[in-house]
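Here is the structure we will look at.
Each reported figure results from applying straightforward, stated rules to the coordinates on display, with no laboratory input. Please read all numbers here as calculations on a predicted model, not as lab measurements. Because the Cβ atoms are built from the backbone with ideal geometry, glycine has one as well, and the counts that use them run over all protein chains shown.
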Amino acid sequence: MKNFSIILFIFMSIVAFGQNKNERKFDLEIFDYLNKITDQEYTSVEAYLINSKPFSKWDMRPLESKEVKALDSIYTSSQIPNFIWGAFSDKYKISIEEAMAKANTFLGEGAKNQDNLTNHFKLNIEKFDKLSNLILTSTNKIFLNQKNLQRIDTIFKENNLYWGYIIPKGSPYPISPETKKEHIKFSKQQDQILNLLNELNIYSAVKTTKGIFYLVDGFTDNSYGFYFNEKGHIEEDHLLFEIMKSEKIADNYFYYIAN
């Protein structure tokens, strides 16, 4: 969370002055939505952090745009969740020092847990291979398996109901204040992938054009876990994963930490 204080100031400036612009402020709409829904449901900071993890239902990072325009300036996709965390940490009465330290603490946990997680991977490598093959043959790119919440691409399953966001035309963000019910069910293959993620304690898998990221944990734009590549190469140029550290743990797998 680089330049946290500056980023928070900029975002609060956007909140204060953004409505004077003629163009639609999708970021403000989402911020207001998250602010209201967390008030209505009396959401704890722990629940907020779970739901705002990378690729969870309150992660508003643009998934296909490396940079977005806000207040006549350009910001990277990874800066967006820092805006939200800065504002919400104040909402939850968390000091600026504690909020700023959270990202480094999280990344430190990723480094500290590497040996245990690598051992877990090696004990379950056959299941990881099966999971990787299933994801490679799937047409889907995003898989999420959290307690009471699952996701396949843009479709969420929560409390046994399927729903999705209604994305306004022109919005670069994957969430919005409006949702709709979806009258579908996950396929057998999709359920198989979600069940394997659950067995392996992976909360999200993301397929890219080069490989698969398996997220063990995440905070704002940071994550750590495993990465699969058929050629045995680590992917270092993905717009949503800035690799801070990686280590090869098998022919086609790496342990990674991304900030």
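Tabulated results
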{"item": "log10 of Debye I(q)/I(0), alpha-carbon scatterers only, for region 106-258 at 0.12 Å⁻¹", "result": "-0.52"}
{"item": "Table column - 3J(HN,Hα) (Hz), region 212-225, Karplus curve with 6.51, -1.76, 1.60, x for Gly and Pro", "result": "9, 9, 10, 8, 7, 7, x, 8, 6, 9, 8, 7, 8, x"}
{"item": "Calculated from backbone phi, Karplus (6.51, -1.76, 1.60) coupling profile of region 234-248 in Hz, x at Gly/Pro", "result": "7, 8, 10, 10, 7, 5, 9, 10, 9, 5, 8, 8, 8, 8, 6"}
{"item": "Integer Hz, Karplus 6.51/-1.76/1.60 couplings in order for region 143-160, x for Gly and Pro", "result": "10, 10, 9, 10, 4, 6, 8, 10, 8, 10, 6, 9, 9, 10, 10, 9, 6, 6"}
{"item": "Total charge dipole magnitude, the chain, about the Cα centre, Cβ charges on Lys, Arg, Asp, Glu only, Debye to nearest 20", "result": "500"}
{"item": "Given Lys53/Lys185; Lys53/Lys147; Lys127/Lys147; Lys53/Lys210; Lys127/Lys245, the pairs whose alpha carbons are separated by over 19 Å", "result": "Lys53/Lys185; Lys127/Lys147; Lys53/Lys210; Lys127/Lys245"}
{"item": "Cβ-based charge dipole, the chain, positive-most Cα from Gly218, Leu136, Asn51", "result": "Leu136"}
{"item": "Whole-Å distance, taken between Cα centres, linking region 30-89 and region 98-118", "result": "21"}
{"item": "Under-5 Å amide H pairs with Lys245, H placed in peptide plane, nonlocal only", "result": "Ile257"}
{"item": "5 angstrom amide H check on Ser204, placed H, neighbours 5+ away", "result": "Asn145, Leu215"}
